[in-house]
Amino acid sequence: MNSTLLKKELREALWKLVLGTVILTALALFIPLSYNFIIDLFSLLPYEQLEKYLGTIPTDLFNDFSLYLWSQWNAKNLPQLGAIMAILVGMSLLAGEANNKTMSFLLTRPVSRRSVFLSKVLTGILMMFIMVWTATLLMIFTAGFTPNAVDTGKLLTCTFITSIGLFVILSLSILFSTIFGEPVKAGGATVLILVILAAASWFKPLRVINPFIHMYGAQYMIAGTFPLIPVLLMSLAAVGFLAVAMWVFQKKEY
Amino acid sequence: MTLAIELEGLSKSFKDKKAVDNLSLQVPAGSIYGFLGPNGAGKTTTIKLMLGLMRPDNGRGKILGLDIEKESESIRRRTGYVAEMPHMYGYMTVQEIIKFCRPFYPVWNSGLVEKYLDFFSLPLKGKIKNLSKGMNTQLALILAIAPEPELLVLDEPTAGLDTINRQELLRIILEEISVQGRTVFLSSHLLHDVERVADQVAIINQGKLIDVRSIDDLKSSVKKVRVVFQKEVPDDLFSLPGIQSYSREGKAYLITIEDNLQDVLNAIKNYPYFALDIIDQNLEDIFIDKVRRSKA
Amino acid sequence: MWYYVDPQSGVPIYVQLKEQIKKAVATGLLTEGEQMPSVRELALQLTINPNTVSKAYQELEREGIIQTARGLGSFVAKRQKGKEQEQKIALDKALEKLMIEAYQLSVDADTLHNEFIDKLAAWKDRLVKGAQNNDSGNRT
């Protein structure tokens with residue numbers, strides 16, 4: 001690894017990092033701040049009608065503040081927006097330099113391809129880490145100012161589970177970024193794979209292959225059991241994608 | 001004699017096109033070596049193979065005694081490279097790219113960098129994306145010579161330069177690399193770029209090596225003879241070894257001879273003639289002639 | 001700069017340089033004992049390969065035109081009388097080349113003879129004038 005390379009990567013990605021953190025944080029802060037408003041809104045509706053539309057949702061959703069935060073954040077905004085961020089970050093990490101041809105300039109410096117690859121991957125992971133945790137921590141911090149009780153431990157654990165899911169998407173996007181010479185193609189391929197996985201999970205037996213289902217951490221939030229095996233499998237998949245990406249990069253010609 | 005570059009049977013294909021075809025080269029350390037060929041002859045691919053940007057399908061290569069596939073990083077530590085169109089980070093300033101490149105190398109001659117930044121009047125705070133094509137090449141040259149490389153590889157370096165800048169570039173190569181006893185590998189499709197400075201030239205076409213010679217040798221071994229005979233001469237006179245081609249107009253012949261001038265001259269003189277001239281060949285003509293014949 | 005090379009000419013650059021230095025010595029532009037520019041200097045001035053300059057210098061040294069003192073550089077040699085044998089060989093070669101050329105150009109022997117006499121006379125004349133200039137110290 002090489003600090004010069006890392007500095008350069010971070011510099012190139014800085015605007016994405018800032019923009020991503022701002023957007024995610026804004027969305028995160030909106031959740032606890034709008035809680036009372038939403039409750040008031042729902043209380044205006046007749047209870048029978050509410051039950052008609054939301055019958056399957058546990059009614060304590062509106063009574064349990066932590067559950068509400070989780071349902072809006074870990075089960076909705078964070079996976080959706082986080083996935084978009086992971087794709088946007090990952091797709092240009094390698095394909096960006098291949099596309100504007102600076103890769104051959106970089107690779108004619110005395111650096112190993114391994115260091116180049118690792119500096120890029122590390123940058124991607126670091127960016128996602130900063131975005132996700134800044135937003136989540138600020139959300140929990142803000143929630144502490146409301147009169148409602150917050151189960152910080154549970155929310156942090158759920159965000160950890162979501163992070164692992166986003167890591168899978170980031171790695172997949174990096175893999176395609178290595179294979180394709182254009183960021184747009186890499187992003188498109190990642191979206192395509194995710195859509196296929198999501199569509200496949202409409203069939204019950206295939207639900208298990210959809211990373212989105214695992215990354216909510218629903219089981220843990222509602223039943224309290226930590227999804228150890230899905231988390232391990234997702235980590236393994238992510239590392240696997242990165243290993244393949246590195247292998248492809250070592251062979252790639254520029 | 002130590003060799004700076006040693007390629008053995010190097011081949012590289014893209015789909016069905018052979019970009020480099022069983023290429024072998026020996027570049028002596030301390031020389032200026034011209035690597036000549038028309039556009040698309042396989043020069044850039046050869047250089048990319050040498051620097052580890054691409055891997056050969058077949059063959060081996062050593063640069064500064066190091067294996068091109070296994071020890072590429074060490075090769076790049078001791079080799080400067082200026083690409084045909086250097087694509088550097090456009091968002092960086094001149095100063096920033098220098099700062100970026102410097103930590104990669106064990107040696108960095110800051111005095112040299114300053115000298116040539118000043119000489120070319122490159123704007124330190126100017127963004128690379130705003131530099132002209134010529135300035136871009138000049139900056140890439142500075143970055144390539146700053147680590148005092150043992151080998152400098154230049155791929156069509158004069159492409160974006162005007163005549164004055166070309167001459168300056170050649171002078172800098174001589175002053176900073178050649179006079180110090182280091183090696184220069186200079187690829188070009190223009191003979192004009194290399195004939196002034198090169199010790200030796202390799203001519204390549206369609207991925208294949210056509211000829212390797214010193215420039216002096218090239219000039220003295222290839223001659224044209226213009227002869228006007230007094231009578232008809234038999235056709236088999238022109239099948240002598242060494243005769244590359246000939247054209248005739250009546251009894252006047254223009255004969256291109258390579259390597260066997262004296263024997264051919266003796267044979268010609270067996271027939272009575274009115275006039276006989278030996279014409280020194282311009283390098284450009286030799287080059288064009290060789291490339292054209294290799295296509296046939 | 002007195003020297004000039006034409007890289008595009010069919011004549012090798014080192015030969016062009018050699019001829020020009022010989023001419024400079026013969027015309028008195030370079031005098032006995034005068035220091036020659038270093039290989040490096042001349043290479044940079046003419047933008048040519050240092051090996052080309054070395055090659056020219058080596059041949060000139062072999063022909064006794066210049067002398068190289070290790071560490072000091074190259075100097076214009078004294079015109080040595082003792083090297084008659086080498087002189088004769090070199091002269092023979094040059095004369096023969098001249099005659100072959102003349103033959104190829106179909107110049108007959110008498111014409112060649114007359115031309116040679118004329119040129120030689122003109123040359124003697126120039127040498128005398130050159131010596132006078134040198135004596136009066138006009139050279140810098």
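The values are calculated or read from the model by the stated rules, or taken from the named source; none is laboratory data. Just so you know, these numbers come straight off a predicted model, no measurement behind them. Neighbour counts run over all protein chains shown; Cβ positions are idealised from the backbone, glycine included.
Which residues, counting only those in the stretch B:241-278, are free of Cβ contacts under 8 Å to residues at least 12 places away in the same chain and surrounded by 15 or more Cβ atoms within 10 Å (Cβ to Cβ)?
B:Tyr246
Being in contact with a helix residue (DSSP H, G or I) (Cβ under 6 Å, 6 or more places away or on another chain) and in a helix (DSSP H, G or I) is a property that A:Thr134 has.
Is it fair to say C:Arg40 is outside any helix (DSSP H, G or I) and basic (Lys, Arg)? So C:Arg40 fails the test. When C:Ser38, C:Ser74, C:Ser54 are checked against the criterion of being within 12 Å of chain B (Cβ to nearest Cβ), in contact with a strand residue (DSSP E or B) (Cβ under 7 Å, 6 or more places away or on another chain) and surrounded by 14 or more Cβ atoms within 10 Å (Cβ to Cβ), C:Ser38 stands alone in meeting it. Could you go through the stretch A:221-229 and let me know if any residue there is over 20 Å from the mean Cα position of the chain (by Cα) and part of a helix (DSSP H, G or I). Within the stretch A:221-229, one or more residues are over 20 Å from the mean Cα position of the chain (by Cα) and part of a helix (DSSP H, G or I). Checking B:Gln206, B:Gln200, B:Gln244, B:Gln281 one by one, the residue that is under 25 Å from B:Thr79 (Cβ atoms), among the polar types (S, T, N, Q) and within 29 Å of the chain's Cα centre (by Cα) is B:Gln200 and no other. Among the candidates A:Val195, A:Val184, A:Val191, the residue that is without any contact (Cβ under 8 Å) to a residue 12 or more places away in the chain, among the β-branched types (Val, Ile, Thr) and farther than 30 Å from A:Asp64 by Cα is uniquely A:Val195.
Against the conditions (1) within 14 Å of another protein chain (Cβ to nearest Cβ); (2) of a type in the set (A, V, I, L, M, F, W, C); (3) not in a helix (DSSP H, G or I), C:Val15 satisfies every one except (3). Within the stretch A:93-102, the set of residues being of a type in the set (Gly, Ala, Ser) and either buried (at least 24 other Cβ atoms within 10 Å of the Cβ) or under 17 Å from B:Glu84 (Cβ atoms) (or both) comprises just one member, A:Ala95. If only residues of the stretch A:103-131 that are basic (Lys, Arg) and within 11 Å of another protein chain (Cβ to nearest Cβ) are counted, the one that is surrounded by the most Cβ atoms within 10 Å (Cβ to Cβ) is A:Arg109.
Listed by position, the helices (runs of 4 or more DSSP H) inside the stretch B:19-108 whose residues that are within 14 Å of chain A (Cβ to nearest Cβ) and within 28 Å of B:Ser132 (Cβ to Cβ) number at least 2 are B:43-50, B:94-101.
Taking the conditions (1) more than 19 Å from the chain's Cα centre (by Cα); (2) modelled with pLDDT under 95 in turn, A:Thr178 satisfies each one other than (2). For the stretch B:109-147, the tally of residues that are in contact with a strand residue (DSSP E or B) (Cβ under 6 Å, 6 or more places away or on another chain) and within 13 Å of another protein chain (Cβ to nearest Cβ) stands at 2.
Does any residue of the stretch B:162-179 turn out to be of a type outside the set (Ser, Thr, Tyr) and more than 28 Å from B:Gln95 (Cβ to Cβ)? Yes, the conditions are met somewhere in the stretch B:162-179. Among the residues of the stretch B:1-18, those identified as assigned to a strand (DSSP E or B) and not acidic (Asp, Glu) are B:Leu3, B:Ala4, B:Ile5, B:Leu7, B:Gly9, B:Leu10, B:Ser11, B:Lys12, B:Ser13, B:Phe14, B:Lys17, B:Lys18. Selection over the stretch B:261-279 of residues that are part of a loop (DSSP other than H, G, I, E, B) and within 10 Å of another protein chain (Cβ to nearest Cβ) gives a count of 1. Against the criterion of being more than 20 Å from the chain's Cα centre (by Cα) and either crowded, with 23+ Cβ neighbours inside 10 Å or closer than 29 Å to C:Pro50 by Cα (or both), B:Met1 qualifies. Checked against the criterion of being without any contact (Cβ under 8 Å) to a residue 40 or more places away in the chain, aromatic (Phe, Trp, Tyr) and over 30 Å from B:Ser13 (Cβ atoms), the candidates B:Phe238, B:Phe229 yield just one match: B:Phe238.
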